[in-house]
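Here's the structure, in structure tokens; my notes come after.
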Amino acid sequence: MTDHPTIPLPGYREYPVEEMRERVAAFYSEVARRRTLREFSDRAVPRDIIETALMAANTAPSGANLQPWHFVVVSGAETKKKIRAAAEAEEREFYAHRASPEWLAALEPLGTDSSKPFLEAAPYLIAVFLQKHGMLPDGTRVKHYYPTESTGLATGILITALHHAGLATLTHTPSPMKFLNEILGRPKSERPFLLLVVGYPAEGARVPDIKRKTLDEIATFVDA
Ligand SMILES: Cc1cc2nc3c(=O)[nH]c(=O)nc-3n(C[C@H](O)[C@H](O)[C@H](O)COP(=O)(O)O)c2cc1C
């Protein structure tokens with residue numbers, strides 16, 4: 001073992017097996033209620049709720065603990081308008097030219113198109129950036145390990161925290177997303193990862209009737 005500072009494991013809790021079953025089942029039914037929403041209300045959401053969800057995201061494991069993510073929280077109407085215009089321009093290209101027939105067929109059951117009114121209606125857009133490398137105050141580059149996996153994990157926790165708080169999200173990926181660096185003034189060393197739309201559902205909001213895979217389809221158990 002190298003000589004590095006350690007602390008006693010903080011906050012770990014063991015539960016009796018029956019309680020473990022109840023807890024994991026309760027968590028499953030909580031996350032199973034989450035749905036990607038595409039019709040948002042403009043009702044305001046207090047900013048501290050977003051801040052706490054971001055701190056939850058920041059607990060994600062990351063390669064070499066380098067926490068290679070940055071979140072830009074947009075609530076201003078002017079910036080949202082710019083993002084909507086740029087995203088819709090990319091999406092029009094995507095649906096008309098860039099998407100392969102297979103991709104368009106996969107999107108068909110979701111009923112999505114290039115119109116993105118929720119980018120202005122929802123109270124928050126959280127642009128998630130992946131830091132390809134870090135930067136010390138003196139300008140030295142710090143290599144990041146597994147930034148994609150790490151940022152994906154942090155985003156999953158963010159989506160789950162917002163859902164747990166009673167908010168809805170849309171994971172939006174207008175392709176390409178470079179316009180987010182320009183509009184939000186982020187450096188080239190950061191790659192836009194996705195744009196999370198956050199808020200309350202619009203009254204009477206509906207979602208696609210989708211199916212989730214079964215345990216047998218998603219998992220294999222090797223006991224030997
Ligand atoms: C990486 C990623 C990118 C996505 N991009 C879009 C998108 O650009 N537009 C959209 O309407 N939905 C997008 N989605 C949402 C998916 O369509 C949605 O998660 C999927 O249909 C399952 O539905 P559910 O989230 O309600 O379970 C994306 C999801 C992920 C994980």
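Annotations for the structure displayed:
- Beta bridges by DSSP in the chain, antiparallel share as percent, to the nearest 5: 95
- Axial C-alpha extent at least 20 Å, average Kyte-Doolittle at least -0.5 - helices from the chain (DSSP): 17-32, 147-164
- Max mean-square fluctuation residue, GNM over the chain, Cα-Cα springs under 10 Å, options 130, 107, 180: 107
- Take 80-88, 111-119 and order them by the average number of nearby Cβ atoms within 10 Å per residue, most first; the result is 80-88, 111-119.
- Label reach from residue 135 (point 7 Å along Cα→C-beta): in region 180-204, amide nitrogens under 18 Å belong to 180-193.
- Those GluC sites (Glu not before Pro) in region 168-224 that DSSP places in a loop and that have at most 15 other beta carbons within 10 Å: 203
- Restricting attention to region 123-224, lysine pairs at least eight places apart or on different chains and with alpha-carbon atoms under 17 angstrom apart total 5.
- Each residue of region 192-203 is assigned a 3J(HN,Hα), and the resulting list reads x, 9, 6, 10, 9, 9, 10, x, 8, x, 5, 4 Hz, derived from the Karplus form 6.51 cos²θ - 1.76 cosθ + 1.60 (θ = phi - 60°), x at Gly and Pro.
- Protein heavy-atom surface of region 1-142, 1.4 angstrom probe: 56% of the accessible area is carbon and sulfur, with nucleic acids and ligands not counted.
- Carbon + sulfur, % of accessible area of region 159-202 - ligands and nucleic acids excluded, 1.4 Å: 55
- With protein chains left intact and a 1.4 Å probe, residues in region 64-115 average 61 Å² of accessible area per residue.
- With both labels modelled 7 Å from their Cα along Cα-to-Cβ, the residue 55 to residue 171 distance reads 2.6 nm.
- Calculated mean residue ellipticity at 222 nm for the chain: -11000 deg cm²/dmol, from DSSP H runs with n ≥ 4 weighted as -39500 (n - 2.57), summed, divided by the residue count and rounded to 500.
- Springs between Cα atoms under 10 Å define the GNM used for the chain, and in it the highest mean-square fluctuation of 16, 176, 201 occurs at 16.
- Alpha carbon convex hull of the chain, volume per residue in cubic angstrom: 211
- Spin-label model, residue 106 to residue 149: label points 7 Å out along the Cα-to-beta-carbon direction sit 2.2 nm apart.
- Residue separation of residue 12 and residue 32 scaled by 0.36 nm, minus their Cα-Cα distance, works out to 4.7 nm of gained length.
The values are calculated or read from the model by the stated rules, or taken from the named source; none is laboratory data. This is a predicted model, so every value here is computed, not measured. Quick reminder, even Gly has a Cβ in these numbers, built from the backbone with ideal geometry, and neighbours come from all protein chains shown. Quick note on the areas: whole protein, heavy atoms, side chains included, nothing else; ligands and nucleic acids left out. Shrake-Rupley method; radii C 1.70, N 1.55, O 1.52, S 1.80 Å.
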